[in-house]
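Read-outs throughout are calculated quantities, based only on the coordinates presented, and are distinct from any laboratory measurement. Just so you know, these numbers come straight off a predicted model, no measurement behind them. Cβ: placed from backbone, ideal geometry, glycine included. Neighbour counts: every protein chain shown.
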Amino acid sequence: MVAKIPVSRSIVVPSTPSAIVGVCGQVIASLEANHFGEDDVFAVHLALEEAFINAVRHGNKGEPGRAVKIDYSVGPDQIEVSMTDEGDGFDPDVIPDPRYGDNLFKPAGRGLLLIRSYMNVVEYNKQGNSIRMVRLKEQRKSSKTTAKLGT
Amino acid sequence: MAPIKPKVNVEYSGAATIVTFADEKILEERDIQELQEALMSVVGHSEKVNLVLDFQKVQFLSSAALGLLIRVSKKVYEQDGQLRLCNISPRIYEVFKITRLTKIFEIYADVPGAMASLPAEGRGTNEQ
């Protein structure tokens, strides 16, 4: 059973795409235990997947021996996740906007846009190898959840 | 040995080739690679294919899945075919809107709507 109290965990996983599956499972269970709605779960799940793929593919260059560290804390009103890879880092401000021009037709380059769209706070460390993301619980959804619980 | 579960179901309905994604989530690199092989195989089997992709079962997808759709779209239109998407859940439609892919994909509410939008000519290459 997942505790309905603020949860903080730190997990280190290898740079294999499937390694995020278990982490997502843990995070989603914590969100549900804290009555985050389905939109919140979808948003956080998507941000986790996209950030992890970026960390594995671009940060750690797909080398399974390099690790990705994930720190997350879930409280009653928000979730905060940090994800750090062992790469050299990058400048997120130079990533082209995938919504315009020829970029719209490119098969890649949408991960960071999605993360920024679904999370309330997105910031990188100075080196550019660690992303911090925060999502606030959607109020309308949380009140619906409360109503469903009959409280 | 575990049974092999198909990633897509393919149905030929008069003018159209309807491909339904079998999984709720289109996420992992390996799954996307398998899906790409399956879809490219369908597209590669006929000129001017009228492809309808049915997302009815799909509840979650990543940007990698969007990349797959773009690659399939290029292949379809290179062969003078047509591509329609349908039965996309509101949450996934939001992903298409955020990325502005609603500008390049033709999205319909359901399979009949998608099929009705297809051109009348050149639709019969896969008729059975």
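Within the set B:Lys7/B:Lys75; A:Lys69/B:Lys97; A:Lys69/A:Lys126; B:Lys25/B:Lys48; A:Lys106/B:Lys103; A:Lys106/B:Lys74, which residue pairs have Cα atoms separated by over 22 Å? Before the final figure, lay out the partial values.
On the way: B:Lys7/B:Lys75 19 Å; A:Lys69/B:Lys97 31 Å; A:Lys69/A:Lys126 17 Å; B:Lys25/B:Lys48 29 Å; A:Lys106/B:Lys103 13 Å; A:Lys106/B:Lys74 10 Å.
Going by Cα-Cα distance, A:Lys69/B:Lys97; B:Lys25/B:Lys48 fall outside the 22 Å limit.
Considering the dipole of the range B:8-117 built from charges on the beta carbon (Lys and Arg +1, Asp and Glu -1) around the Cα centre, which of B:Thr20, B:Gln36, B:Ile88 is farthest to its positive end?
Projecting each Cα onto the dipole axis, the largest value belongs to B:Ile88.
Highest GNM mean-square fluctuation, chain A, Cα pairs closer than 10 Å: which of A:Asp93, A:Asp71, A:Asp39?
A:Asp93
Per-residue mean of other chain beta-carbon atoms within 10 angstrom of the beta-carbon, peptide A:99-111?
Mean partner shielding for this stretch: 4.
Please compute, for the alpha-carbon atoms of the range A:91-141, the extent along each of the three principal axes and give them in descending order in Å.
37, 31, 13
Which one, A:Gly89, A:Gly111, A:Gly101, has the greatest fluctuation when you compute a Gaussian network model over chain A with C-alpha springs under 10 angstrom?
A:Gly101
Binning every alpha carbon pair distance of the range A:7-145 at 5 Å from zero, what are the percents per bin?
P(r) over the range A:7-145, rounded to whole percents: 2, 10, 20, 22, 19, 14, 8, 4, 1.
Please find, in a Gaussian network model of chain A (springs between Cα atoms separated by less than 10 Å), the residue of A:Lys126, A:Lys61, A:Lys106 whose mean-square fluctuation is greatest.
Answer for the Gaussian network model of chain A: A:Lys106.
With +1 assigned to the C-beta of every Lys and Arg and -1 to the C-beta of every Asp and Glu, and no other charges, what is the dipole magnitude of the range B:8-117 about the Cα centre in debye, to the nearest 20?
In debye, rounded to 20, the range B:8-117 gives about 400.
Roughly speaking, what is the centre-to-centre gap between the range A:115-139 and the range A:55-95 when only Cα atoms are used, to the nearest Å?
The range A:115-139 and the range A:55-95 have Cα centres spaced 11 Å from each other.
Against the 2.2 N^0.38 Å scaling, with N counting residues, where does the range A:1-83 land? I'd like the Cα-based Rg ratio to two decimal places.
Values: Rg = 12.8 Å, N = 83, 2.2 N^0.38 = 11.8 Å.
Dividing the Cα radius of gyration by 2.2 N^0.38 Å gives 1.08.
Which order do B:Arg91, B:Arg30 fall in if you start with the one that has the fewest other Cβ atoms within 10 Å?
Fewest to most other Cβ atoms nearby, the residues stand as B:Arg30, B:Arg91.
Below 8 Å between Cα atoms, with a sequence gap of 6+, how large is the relative contact order for the range A:7-145 in percent?
That works out to 30 percent.
Once the Cα atoms of helix A:20-33 and of chain A are each reduced to a long axis, what angle between those two axes, in degrees from 0 to 90 to the nearest 10, is obtained?
30
Over the protein assembly as shown, what portion of Cα pair distances is larger than 23 Å, expressed as a whole percent?
Values: 22348 of 38781 pairs.
I get 58 percent for the Cα pairs in the protein assembly as shown exceeding 23 Å.
What order do you get for A:Glu86, A:Glu63 when you list them from fewest to most C-beta neighbours inside 10 Å?
Lowest to highest Cβ neighbour count: A:Glu63, A:Glu86.
Grab the DSSP H runs of chain A that are 4 residues or longer, score each as -39,500 (n - 2.57), total them, divide by all residues and round the 222 nm result to the nearest 500 deg cm²/dmol. Write out the running numbers ahead of the final one.
Numbers: 4 runs with 50 residues, N = 151.
So the helix-based figure for chain A works out to -10500 deg cm²/dmol.
Could you list which residues have their amide H under 5 Å from that of A:Lys137, counting only those 5 or more apart in sequence or on another chain, with H placed in the peptide plane?
Close amide H contacts, sequence-distant or interchain: A:Gln78, A:Ile79.
State the dimensionless ratio Rg/Rh of the range B:1-114 (Rg: radius of gyration of Cα atoms; Rh: Kirkwood radius).
Value, to two decimals: 0.94.
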